[in-house]
Every structure is written in C-alpha cells, then in structure tokens.
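Peer 1: Quick one: the structure is below, and I'll ask about it shortly.
The values are calculated or read from the model by the stated rules, or taken from the named source; none is laboratory data. If you're wondering where the values come from, they're calculated on a predicted model, not measured in any experiment. Neighbour counts are summed over all protein chains in view; Cβ atoms, including those assigned to glycine, are modelled from backbone coordinates with ideal geometry. To get the accessible areas, we keep the full protein, side chains included, count just its heavy atoms, and leave off ligands, DNA and RNA. Shrake-Rupley method; radii C 1.70, N 1.55, O 1.52, S 1.80 Å.
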Amino acid sequence: RFRPRTHSVCVCVTVMAFVQTPPVPRRSPTHAPVNRRRSLQFRQAALRTATLDHIAIAVPDINAALHFYTTVIGFPPYRLDEYNRKQVPFPSIRINDSTIIDLFPVSEAPERAAGPLKPHFCICIDGDEWDELLQRLEKESVEMELGPMMLSGAKGDGLAVYVRDPAGNLVEMRCYGRSK
C-alpha cells in the first residue's frame, strides 16, 4: 500500500550565463512560413485531462531492478506478493498514488509485440474524453494494436487501447471507470 512521505525535498539548480549574443538574422524569403493554423488545430484537439498512469520497462533481472527502485531509490513495491505467488506476470513500483513502473523480464518482450509485456507508457484520460479519443484515432487512421480491453493499472482495472506514435513507440491509452 502506498504511503505518502511526510517530508519531501526537491532541489532545482539553474545556472545562467550572461553572454552577449549576436542579433538573430531575419528569415530569408526562401524559408517556408510557419503554419500557425496547423498549430492551432493541435491545441484544439488536445485532451483536457490526462495523467501518466504507468511506464512499462523490460529489465534483465527483476530482483536487481526491484532492489534498485525499492532499496536504493526508495519507492514501495506494488503487487510484489501477487507476483511472487505467480498471480500477476510482473511486479511494479509505486511512484505516487496514480503512477507506477511495471518491471518485466527482457525475455518476455519480443520485438514489436504489443501489450503489457512490451516497453510502453500509459496515459490515463477521463471517461468523458474516451469516445472522443477513439473517434480521433479512427479519423486519423491510427491502427489500434490491441484493445479496447480491460487491464490492471496504477488505479485498478481500466479500459485500454494500444497504438503506436509516428516514431513507432508503443502508447497505451487508458480510462478508468468504463467497461466499453
């Protein structure tokens, strides 16, 4: 069970160097103009509410990864007892009350496989945005590699789909509180 820490410290150091820089040259007429209309379209399609649910990483040694994330870094394990009883395929590390890191053996991460046993990240969205997302995926001809399907995540069971971004990264989109 996740227990929030009573004290947390975040230290950020910014180093600024003040140097005189030459003036920025004007753009030549050969440069293409910035397509401001396209940028506006991206903002209009943005999700209103989204959080990082989990990151799934392949590790060569589960025990070494668990030791690093729990003992060295200090995050609590999540579903470790279930993993040890072979009730779930991999253990996780709890980052906070809404985000986990899933750890699974490299041997179970075949190249270009989709699903929970492939390196990916998961974005959680609100239920009222789920249908809009599925419509945009279809409109933009983005193929769903898996789903919609119910899977366990940082906040329990949720409806998920797997897609690839233009660079080939596997992205899971998830919605809690929906069954279809």
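Peer 1: Can you pull out the residues in the range 91-119 that are modelled with pLDDT of 90 or more and buried (at least 18 other Cβ atoms within 10 Å of the Cβ)?
Peer 2: Correct list: 91, 92, 93, 94, 95, 99, 100, 101, 102, 103.
Peer 1: Any residue that is over 15 Å from residue 56 (Cβ atoms), assigned to a helix (DSSP H, G or I) and open to solvent by less than 40 Å² (accessible area, probe 1.4 Å) - is there at least one of those in the range 139-161?
Peer 2: No - not one qualifying residue is present in the range 139-161.
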